[in-house]
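A short worksheet on the structure shown next.
Nothing in this text is a laboratory measurement; each read-out follows from the coordinates by a stated rule. Remember, it's a predicted structure, so these values are computed and weren't measured experimentally. We place every Cβ from the backbone using ideal geometry, glycine too, and count neighbours over all the protein chains shown.
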Amino acid sequence: MRVAVAIFSVFASVAVTIDATVYFKEQFQDGDAWKSRWLVSKHKTDYGEWKLTAGKFYGDAEADKGLQTSQDARFYAMSSRFEPFSNEGKPLVVQFTVKHEQKIDCGGGYVKIFPANLDQAAMHGDSQYYIMFGPDICGYSTKKVHVIFNYKGKNHLIKKEIKCKDDELTHLYTLILNPDQTYEVKINNEKVESGTLEDDWDILPAKTIKDPEAKKPEDWDDRPKIDDPTDTKPEGWEKPENIPDPDAKKPDDWDVDMDGEWEPPVIPNPEYQGEWKPKQIDNPDYKGTWVHPEIDNPEYTADTSIYKFDNIGVLGLDLWQVKSGTIFDNFLIGDDVKEAEEFGNETWGTTKEPEKKMKDAQEEEERKAREEEEKSKKDTADDEGDEDEEEDESKEEEEDSPTEEGEEEIPMKDKDEL
Ligand SMILES: *[C@@H]1O[C@H](CO)[C@@H](O)[C@H](O)[C@H]1NC(C)=O
C-alpha cells in the first residue's frame, strides 16, 4: 500500500509543463550532498559558515531544509554552477525563498547571477555579475528589493523603491525578465512591481538632450507682469516707519553728564503706509517661458538586447550579515513563468501556513514560560522576603539589560559591491 502511494506521487510531480526549461533548481533535499554542488569562495579566509537546517520553526522538517547563515557579523560568499545558457528570446525567471527567522537587523538576502566564466573560488563583492536580485535590510531605512542589471560592465540599480518583507517568515521572491524588455517582481507570487528596462533603469543614455547650440535670445522677455509706468508715488507717502514716542518724558533724575543726551524711545508710526510699490500690469512684450529645445542625443543608440545575457552559468550568495540566521531555499532559474509560480506554490505555498502556526505556538509557549518564571520569582521573593536576595536579583537585572533585544547598535553595512 505505501509503495503504491509513493509511486503515484512521483508521477504526479513529473507531469508538469513540457516545453519549460529549468536551468537550475536547488531544494537541499539530499543531506550533505549540497556540499558537492556549492563552493565557498576562498577570496577571504573568514567567510561565514552555512548550515543545512529548516530553522526554529517550519512547515515541514525535511522539505523546508535550506542553507542558513550561522555566524554573526560575517561575509558570506558561496556559489553553485549549472549548464550555461542564454536567455535570448525567452523569459528569464529567477526565484528563491528567504527566511530571516533571526529578526534581522542588517544583512543581505539577495542572489547574484553570474556569467559562466566566474572563478567561483575567487568570488567576492566586486566580482562582475549579470543580475543581483532580492531583499536587503539594514536598520530602519533600508528595506528594499534590489534589482540590479549589468550592462556593458556597469551595474545599474532600479530607480523604483520596492519594499521587501521584514518579518521572520519565509517569503518567495521572483524576478521575471522578458525579451520585450519588460520585467516583473513578485513577492509571495504576487506582483509588486513591473515596467520596462528603459523606463525604470538609467541603463541607456537619455534619448534626447538640450540642444547645446540653442540659447535664450538676449531680448527674450519672460516677465509676465511689469511695473505700471504711469503709476507714481502719491504725495506725502514718505512717512518714517518708526517715530519718537510723543508720550515719553525725560526722567526727572536724568543726569546728562552721567547718562548722555536723553532721547525718547521710538514706537511704530501709526501713519506709516509701508514701502510704496507701483501697480503691476500685464507685460505687453511677454513671450512666455523660454523652453530649451531638445535634440536627439548623439550618445543614444536604441538597444533591444539590454535584457539579454549570454552564458549565464552561476548563482551566488555574496552577502554581509550582522545577525545571522537567514535561510535560503527553493532556488529556481528557468524560462517559464507559470512553472515558477507552480513551484512557488508547491514550496512556499504549502509551507507558509504550518510554518506560521509553529511560530505562533512557539511564541505562545515562550510567553507562558516567561510568565511562569516571573510568577515563581515573585513567589520566592514574597516567601523569603530576605534583603540579601532582593539585592542579588536587582544586580542580575542590571547585567541583563544591555543585551536585551533591539538595543544593540546596528553597524553600517559594507556597500562595496554596488
Ligand atoms: C498558485 O496558487 C494560487 C493561490 O492558490 C493560485 O491562484 C494559482 O493559480 C496557482 N498557480 C499555479 C501556476 O498553479
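Backbone geometry of segment 55-71 corresponds, through the Karplus equation with coefficients 6.51, -1.76 and 1.60 at θ = phi - 60°, to 3J(HN,Hα) couplings of x, 6, 9, 6, x, 8, 4, 8, 4, 8, 5, x, 8, 10, 6, 10, 10 Hz, x marking Gly and Pro. Taking the Kirkwood radius as Rh and the Cα radius of gyration as Rg, segment 106-189 has a ratio of Rg/Rh equal to 0.97.
Computed from phi, the 3J(HN,Hα) profile of segment 317-327 under the Karplus parametrisation 6.51, -1.76, 1.60 (θ = phi - 60°) reads 10, 10, 9, 10, 9, 7, 9, 7, x, 6, 10 Hz, with x in place of Gly and Pro. For segment 285-299, the Karplus equation 6.51 cos²θ - 1.76 cosθ + 1.60, evaluated at θ = phi - 60°, returns couplings of 9, 4, 10, x, 6, 7, 9, 5, x, 9, 10, 4, 6, x, 7 Hz by residue, with Gly and Pro reported as x.
Between residue 281 and residue 362, residue separation times 0.36 nm minus the direct Cα-Cα distance comes to 21.6 nm. Projecting the Cα positions of 147, 157, 203 onto the charge dipole of segment 146-215 (unit charges on Cβ atoms of Lys, Arg, Asp and Glu, taken about the Cα centre) puts 203 furthest along the positive direction.
A simple charge model with +1 on the Cβ of Lys and Arg, -1 on the Cβ of Asp and Glu and nothing else charged puts the dipole of the chain at about 4160 debye relative to its Cα centre. Just list whichever of 159/323; 25/308; 338/359; 112/359; 165/359 have alpha carbons separated by over 19 Å in the model shown. As for pairs spanning more than 19 Å Cα to Cα, those are 159/323; 25/308; 338/359; 112/359.
In the chain, the DSSP-assigned H stretches of four residues or longer account for a calculated mean residue ellipticity at 222 nm of -6000 deg cm²/dmol, using -39500 (n - 2.57) per stretch and the full residue count as denominator. Mind telling me which of 108, 274, 125 comes out most flexible in a GNM of the chain, alpha-carbon contacts under 10 Å? Between 108, 274, 125, it is 274 that shows the largest mean-square fluctuation. Partners of residue 239 within straight-line reach, counting lysines whose Cα lies under 19 Å from its Cα and excluding those fewer than 8 residues away in the same chain: 277. Applying a length cut-off of 15 Å (Cα extent along the axis) and a mean Kyte-Doolittle floor of 0.5 to the DSSP H helices of the chain leaves 2-14.
Counting only cysteine Cβ atoms and a cutoff under 4.7 Å, the chain contains unmatched residues 164. Across the cross-link table entries 44/90; 144/368; 144/357, which are compared at the Cα atoms, the separations over 29 Å belong to 44/90; 144/368. Comparing mean-square fluctuations of 179, 265, 224 from a GNM of the chain with C-alpha springs under 10 Å, the top value falls on 265.
Of all the options 182, 174, 304, the one that moves most in a Gaussian network model of the chain with Cα springs shorter than 10 angstrom is 304.
What translational diffusion coefficient, to the nearest whole µm²/s, does the chain have by Stokes-Einstein, given a Kirkwood radius computed over alpha-carbon pairs, a temperature of 4 °C and 1.567 mPa s viscosity? Answer from the Stokes-Einstein relation: 46 µm²/s.
Positive-end ranking of 244, 171, 254 along the dipole of the chain, with charges on Cβ about the Cα centre, is headed by 171. Around the amide H of residue 168, modelled in the peptide plane, lies no amide H under 5 Å away from a residue 5 or more places distant or on another chain.
Between residue 257 and residue 211, the modelled label-to-label distance comes to 8.4 nm, taking each label 7 Å out from Cα in the direction of the beta carbon.
May I ask you to work out the translational diffusion coefficient for segment 44-159 at 37 °C, viscosity 0.692 mPa s, via Stokes-Einstein with Rh from the Kirkwood sum over Cα pairs, reported in whole µm²/s? Translational D for this selection: 203 µm²/s.
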